[in-house]
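Report on the following structure.
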Amino acid sequence: MFNELSQFYQSIMNDPVSVFNPEALIRYGGLSILFLVIFAETGLFFCFFFPGDSVVFTAGILSATGEIQAGWLEVVTVMTVAATLGNMTGYWIGKRSGAILMKRSDTWYFKKEYIATADSFYKRYGGMALVLGRFLPIIRTFAPIVAGILKISTKRFFMFTIVGALGWVIPLVTLGHFLGNVPFVKNNLGYIIIAMVILITTPVILKVARERRKHSP
């Protein structure tokens with residue numbers, strides 16, 4: 001693990017832009033950086049901008065092509081554990097520090113509208129928000145925090161967290177693994193990742209914009 005992180009650190013020093021590229025993140029950092037990205041994006045509110053979906057999908061592709069030394073099961077296991085621990089961390093943050101967070105001034109990495117959006121989604125779908133929200137950036141990061149603020153039962157939260165993690169990781173890794181050796185996908189991976197990010201994030205950006213207009217005076 002430490003060797004992987006050391007190599008990753010050296011690579012971003014040589015090419016800082018690679019930290020925003022899911023393919024480069026996984027190539028350079030391996031399973032260690034994969035674990036850290038998924039953990040942070042699913043539990044730490046200041047990491048909501050991490051490319052979670054595209055990282056999961058790309059990991060499946062690179063495991064199929066052999067560009068990372070990990071098979072399907074290993075990738076699924078690592079990311080499921082990371083996503084579960086990330087959610088539990090977000091839940092703990094919300095439960096312990098929710099009131100403090102809501103008193104904070106808005107910053108570039110934390111805005112109350114993100115909490116409002118996740119809260120609206122959670123109230124609409126209940127515990128299923130932790131399953132459905134896995135596929136939505138921002139919601140994926142802030143729904144566990146909202147669950148903590150609302151002091152949802154830990155047992156109930158953990159159950160939905162496991163279901164959500166498996167329901168998010170397995171399909172995306174499997175799809176990536178299946179497509180990994182398709183020539184078109186291999187030759188156009190960068191464009192496919194960009195298209196995937198745009199496709200996933202656009203509905204959430206529109207939702208946040210609507211929430212902002214709703215809460216503006």
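Observations, loosely collected:
- When the P(r) is computed for segment 125-198, the part past 17 Å accounts for 53% of the Cα-Cα pairs.
- Shown in residue order for segment 69-75 are the 3J(HN,Hα) couplings computed by the Karplus curve 6.51 cos²θ - 1.76 cosθ + 1.60 at θ = phi - 60°: 7, 7, x, 3, 5, 5, 5 Hz (x for Gly and Pro).
- Listed cross-link partners Lys123/Lys155; Lys112/Lys155; Lys95/Lys155 are compared with a 24 Å cut-off, the Cα-Cα value being larger for Lys112/Lys155.
Read-outs throughout are calculated quantities, based only on the coordinates presented, and are distinct from any laboratory measurement. All values derive from a computational prediction rather than experimental measurement.
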